[in-house]
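Here the structure comes first, spelled out in structure tokens, and everything after it is commentary.
Any read-out appearing in this document is the output of simple, stated calculations on the displayed coordinates, not a laboratory observation. A quick note: this is a predicted structure, and the numbers were derived from the prediction, not measured. So basically every Cβ, Gly included, is an ideal-geometry build from the backbone, and we count neighbours across all protein chains shown.
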Amino acid sequence: MNFNAIEFYASYGVSSQLPPSDRAEIVFSGRSNVGKSSLINKVANRKRLARVSASPGKTVTINFFTAGPGYIVDLPGYGYAKVSRSEKERWAKLMEDYFHSDRDIRLVVQLVDIRHQPTADDLQMINFLIDSEIPFLIALTKADKLTAKQKERRLEELREEIPCGDQLHLVATSAQTFEGIPELRGILEALLEE
Ligand code: GTP
Ligand code: MG
């Protein structure tokens with residue numbers, strides 16, 4: 001797959017606009033500011049394909065990117081405290097409708113900051129994925145912020161913090177050092193071209 005050819009396709013802010021599923025999708029999910037857009041940019045070898053911001057809540061729509069024969073989907077982040085109640089409700093409805101619209105979701109790349117314990121919202125999302133039997137892996141973001149030793153320790157701890165037993169697939173990633181990007185690309189390519 002040519003990762004350099006990943007292009008923005010469309011964004012949807014309300015679920016009534018969501019087109020029916022016509023291609024395989026790989027979904028990036030995680031709390032606000034965890035690094036979803038940055039990771040997508042790295043995978044696509046681009047600086048500003050998905051918009052990155054130091055202030056959380058930048059991505060408020062579901063953004064689709066064409067990737068080979070499939071789509072990469074950038075979900076709006078959750079868990080940002082300063083968002084209004086009506087905005088949170090809009091987010092919840094959008095997510096519910098997205099995941100329940102009979103899509104060909106091959107994988108959810110669930111992002112968690114490697115430095116911190118998963119938040120209650122992260123765990124809720126992960127439990128939702130487990131209950132819905134949606135395949136997922138955990139991309140641990142901002143790995144460049146830890147030393148090798150700290151990283152190893154967090155990887156061990158995360159295996160206790162995330163309720164998924166031995167099958168848990170963890171990938172340490174960094175949008176700064178490229179860590180984990182080749183592995184992610186390999187997985188995306190295999191799943192989208194299947
Ligand atoms: P929302 O769109 O608000 O949901 O956020 P997001 O998850 O898309 O995060 P985004 O990619 O916009 O990144 C948030 C901040 O984290 C930015 O300041 C990024 O530069 C920074 N960041 C993202 N990934 C990394 C990383 O791997 N390493 C470091 N050091 N910083 C990162
Ligand atoms: Mg974003």
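Couple of notes before you dig in:
- Complete set of residues in the stretch 130-141 that are crowded, with 20+ Cβ neighbours inside 10 Å and not polar (S, T, N, Q): Phe136, Ile138, Ala139, Leu140
- Filter result for the condition that a residue is more than 24 Å from Arg106 (Cβ to Cβ) and touching a residue at least 12 places away in the same chain (Cβ under 8 Å), over Arg185, Arg154: Arg154
- Which listed residue, of Glu189, Glu161, is more than 22 Å from Ile72 (Cα to Cα), within 19 Å of the chain's Cα centre (by Cα) and not hydrophobic (A, V, I, L, M, F, W, C): Glu161
- Filter result for the condition that a residue is within 14 Å of ligand 1 (Cβ to nearest atom), under 16 Å from Phe28 (Cβ atoms), among the acidic types (Asp, Glu) and not in a strand (DSSP E or B), over Asp122, Asp144: Asp122
- Residue among Ala44, Ala81, Ala24, Ala67 that is more than 22 Å from Gly186 (Cβ to Cβ) and more than 8 Å from ligand 1 (Cβ to nearest atom): Ala81
- Look at the stretch 161-175: where a residue is without any contact (Cβ under 8 Å) to a residue 60 or more places away in the chain and a partner is of a type in the set (Asp, Glu) and outside any loop (DSSP other than H, G, I, E, B), sitting 6+ places away or on another chain with Cβ atoms under 8 Å, you get Val171/Glu183; Ser174/Asp144.
- Exactly one residue among Glu194, Glu152, Glu157, Glu189 is assigned to a loop (DSSP other than H, G, I, E, B) and surrounded by fewer than 18 Cβ atoms within 10 Å (Cβ to Cβ), and that residue is Glu194.
- Residue match in the stretch 71-78 (condition: touching a helix residue (DSSP H, G or I) at 6+ places or on another chain (Cβ under 6 Å), of a type in the set (Asp, Glu) and near ligand 1 (Cβ under 10 Å from one of its atoms)): yes
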